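Peer 1: Structure below; questions to follow.
The values are calculated or read from the model by the stated rules, or taken from the named source; none is laboratory data. Here the structure is a predicted model, which means the values were calculated and not measured. Reconstructed Cβ throughout: ideal geometry from the backbone, glycine too, with neighbour counts over all protein chains shown.
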Amino acid sequence: MSNATQIIHSIPTDPLTGAIAVPIYQTSTFVQEAPGVNKGYDYARSGNPTRAALETIIAELEEGSVGVAFASGLAAIDAVIKLLKSGDEILAVDDIYGGAFRLFTHIYEKFGITVNYVDTTNVENVFNAVTPKTKLIWIETPTNPTLKISDIAAIAKVAKSQGCLLCVDNTFASPALQKPLTLGADIVVHSATKYLGGHSDLIAGVVVAKDKELGDKIKFIQNASGAILAPFDSWLVIRGIETLSLRVKQHCINAQAVAEYLEQHPAVDKVYYPGLKSHINHDIAKQQAKGFGGVVSFILKNDTEEAAVQFVTNTKLFKLAESLGGVKSLLCHPANMTHKSIPAEKRKDAGVADSLIRLSVGLEEVEDLLNDLEKGFDAVEKLNALIAIGQKKDFQKIGY
Ligand SMILES: *Cc1c(COP(=O)(O)O)cnc(C)c1O
């Protein structure tokens with residue numbers, strides 16, 4: 001069965017009424033016939049039929065055995081880290097999502113869980129950095145925002161041989177393009193806020209475990225810590241998943257066109273998109289995923305924050321906002337926004353230059369998107385002209 005068909009038909013009809021859409025069970029509790037005698041649900045933190053439908057769907061899509069839905073992507077990540085105990089170590093990708101870095105550093109280090117960061121695009125680095133205390137290897141692929149690709153199957157082999165778990169944050173690819181559990185990973189997490197939801201109208205997260213026993217532990221943590229996804233938001237994610245395959249296909253087409261346009265633009269120094277032949281990990285990206293996703297990042301020749309700010313405040317269709325994966329195109333300036341919580345030096349080491357701009361390429365007509373990007377380049381050109389005639393100071397005085 002094709003991926004698109006599988007995705008559409010992973011959504012069940014309601015066994016009770018035949019409703020083709022999953023009903024929203026907006027309830028906190030469930031009436032019991034006698035103590036402990038119920039219809040499979042007793043209290044909605046522990047289980048809710050709408051959330052359960054989403055959890056089954058996402059487990060099926062990622063080809064795992066247990067799906068668990070959370071109130072946000074970070075709550076999902078948090079639940080995975082709670083599998084660990086004081087003294088354990090995490091080995092994480094250096095180009096990690098800023099929120100995950102903040103959670104690891106400012107919450108879990110306090111509890112004696114330490115994190116080592118390595119460039120996971122090099123499998124040998126990963127192997128060498130594992131210590132006897134490493135219990136979890138954490139990768140994102142593609143990473144945010146430089147779209148680096150790590151070899152999931154090779155890292156899974158390292159994890160197995162060293163007796164630790166491999167968790168892949170699959171937010172950027174989505175199961176429409178990449179299924180880490182089929183490549184040997186133990187756990188997949190998503191910020192469902194992004195491509196799974198797909199419409200920039202909710203915050204949600206999911207975890208899928210390959211193994212039932214591990215999945216049950218995460219379900220236990222979900223109930224014990226309580227960061228569950230509400231029924232209505234579960235329903236919205238299910239509704240998003242119905243069109244996941246179609247949306248992601250078009251995101252990939254649009255992003256490829258945008259990346260190729262940027263690559264030949266005279267004001268651009270560098271483009272990061274795994275679908276470009278010039279991308280350092282193009283081959284492995286091609287091998288392990290069905291497409292290259294909807295996120296494109298680039299660095300301006302005028303590599304200053306000032307130039308980036310000119311760019312991001314002068315496009316009209318690309319709206320300046322954090323987040324990605326929605327129908328509408330967004331852009332952001334990571335140094336000032338998503339990656340602000342990462343120390344400047346660490347940020348630059350990970351390739352997040354001062355002028356780096358991240359695009360979440362949406363589903364608009366690509367011609368319109370390219371014309372819109374020209375507006376950003378015009379603004380940068382004006383700034384460059386002012387610098388050239390030595391009026392940069394005056395320009396700064398009027399603010400940008
Ligand atoms: C957005 C994001 C998260 C966090 O998800 P929230 O839903 O915002 O809590 C985690 N990982 C990646 C890669 C993300 O893009």
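Peer 1: Can you tell me which of 256, 250, 264 is modelled with pLDDT of 95 or more, farther than 29 Å from residue 197 by Cα, surrounded by fewer than 22 Cβ atoms within 10 Å (Cβ to Cβ) and out of contact with any Ser or Thr (no Cβ under 9 Å at 6 or more places or on another chain)?
Peer 2: Criteria check complete, one pass: 264.
Peer 1: Any residue at all in segment 114-125 that's within 16 Å of the ligand (Cβ to nearest atom), under 23 Å from residue 211 (Cβ atoms) and either free of Cβ contacts under 8 Å to residues at least 40 places away in the same chain or outside the structural domain of residue 171 (by TED's automatic domain parsing) (or both)?
Peer 2: yes
Peer 1: Given (1) at pLDDT 95 or above; (2) in contact with a strand residue (DSSP E or B) (Cβ under 7 Å, 6 or more places away or on another chain); (3) under 28 Å from residue 243 (Cβ atoms); (4) not hydrophobic (A, V, I, L, M, F, W, C), identify the lone condition not met by residue 201.
Peer 2: Answer for residue 201: the failing condition is (2).
Peer 1: Might you check whether a residue that is of a type in the set (S, T, N, Q), within 16 Å of the ligand (Cβ to nearest atom), modelled with pLDDT of 95 or more and in a strand (DSSP E or B) occurs anywhere in segment 146-162?
Peer 2: no
Peer 1: While we're on this one: Take residue 376 and decide whether it is in contact (Cβ under 8 Å) with a residue 40 or more places away in the chain, farther than 18 Å from residue 304 by Cα and either in contact with a Cys (Cβ under 7 Å, 6 or more places away or on another chain) or among the small types (Gly, Ala, Ser) (or both).
Peer 2: No; evaluated as a whole, the condition is false for this residue.
Peer 1: To continue, here is another question. Tally time: how many residues in segment 174-197 are in a loop (DSSP other than H, G, I, E, B), touching a residue at least 40 places away in the same chain (Cβ under 8 Å) and either among the charged types (D, E, K, R) or in contact with a Ser or Thr (Cβ under 7 Å, 6 or more places away or on another chain) (or both)?
Peer 2: The number of residues fulfilling the criteria is 6.
Peer 1: Ok, one more. Collect the residues in segment 65-105 that are more than 10 Å from the ligand (Cβ to nearest atom) and closer than 30 Å to residue 49 by Cβ, keeping them in residue-number order.
Peer 2: Those that are more than 10 Å from the ligand (Cβ to nearest atom) and closer than 30 Å to residue 49 by Cβ: 65, 66, 67, 68, 69, 79, 80, 81, 82, 83.
Peer 1: Moving on. Mind counting the residues in segment 292-339 that are in contact with a helix residue (DSSP H, G or I) (Cβ under 9 Å, 6 or more places away or on another chain) and at positive phi?
Peer 2: Looking only at that region, the number is 2.
Peer 1: Considering segment 192-208 alone, what residues qualify as being β-branched (Val, Ile, Thr) and buried (at least 24 other Cβ atoms within 10 Å of the Cβ)?
Peer 2: 193, 206, 207, 208 - these are the residues of segment 192-208 that are β-branched (Val, Ile, Thr) and buried (at least 24 other Cβ atoms within 10 Å of the Cβ).
Peer 1: I'd like to know if segment 212-230 contains one or more residues that are among the hydroxyl-bearing types (Ser, Thr, Tyr), part of a helix (DSSP H, G or I) and out of contact with any Asp or Glu (no Cβ under 6 Å at 6 or more places or on another chain).
Peer 2: yes
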